[in-house]
Amino acid sequence: QVQLVESGGDLVQPGGSLRLSCAASGSIFSILAMNWYRQAPGKEREMVATIAPDGTTNYVDSVKGRFTISRDTAKNTVSLQMNSLKPEDTAVYYCNLMIKPTRWDYPYAYWGQGTQVTVSS
């Protein structure tokens, strides 16, 4: 069994910052891509940021220059530093990790429970 636990969502004023974290535990042989998604009310879930095992990162255009994704391989965690937050960043944020539970498994996609980020004055 693999579990993902997210933390860090909150209410913040425009221009403020938040840091989201996602910790994976359980049967983990290796973690491949680590991603953050978000879903705003009435909208489809979108990928916000991704980080590959070699550290390569990619971001959706709307957050480039404001958000930074990072990973701690030893601790099986991924973080999302969000600066200069805007009201349009309001959404439930989900971490998504591609994990091989054992050396013989194909990678599976695991999801965190979601954490609410609200940007409002």
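Residues in the chain average 54 Å² of solvent-accessible surface per residue, probe 1.4 Å, ligands and nucleic acids excluded. The value of relative contact order for the chain, using C-alpha pairs under 8 Å at least six residues apart, is 36 percent.
Each residue of region 18-28 was assigned a 3J(HN,Hα) from its phi angle through the Karplus curve 6.51 cos²θ - 1.76 cosθ + 1.60 (θ = phi - 60°); the sequence is 9, 10, 9, 10, 9, 10, 9, 9, x, 7, 10 Hz, with glycine and proline shown as x. Taking all protein chains in place and a 1.4 Å probe, what share, in percent, of the accessible surface of the chain do carbon and sulfur account for? Percent of accessible area from carbon and sulfur atoms in the chain: 50.
Let me spell out the model: positive unit charges on the Cβ of Lys and Arg, negative unit charges on the Cβ of Asp and Glu, origin at the Cα centre of the chain. What dipole size does that give, in debye rounded to 20? Provide the component values of the computation, followed by the final result.
On the way: 11 positive and 10 negative charges, 27 e Å.
The calculation lands at about 140 debye.
By the rule of a C-alpha distance below 16 Å, with chain neighbours fewer than 8 residues away ignored, the lysines paired with LYS86 are LYS64.
Note on LYS100: lysines with a C-alpha under 21 Å away, same-chain residues under 8 apart excluded, are LYS75. Computed from the C-beta positions of TRP111 and LYS86 and an R0 of 35 Å, the FRET efficiency is 0.90 to the nearest 0.05. Working note: Debye formula, equal point scatterers on the alpha-carbon atoms of the chain, no solvent; log10 I(q)/I(0) at q = 0.15, 0.20 Å⁻¹ is -0.63, -1.06.
The values are calculated or read from the model by the stated rules, or taken from the named source; none is laboratory data. None of the values given here were measured: they were computed from a predicted structure. Please note: Cβ atoms are built from the backbone with ideal geometry, for glycine as well, and neighbour counts cover all protein chains shown. Remember, those area values only see protein heavy atoms, side chains included, never the ligands or the DNA or RNA. Shrake-Rupley method; radii C 1.70, N 1.55, O 1.52, S 1.80 Å.
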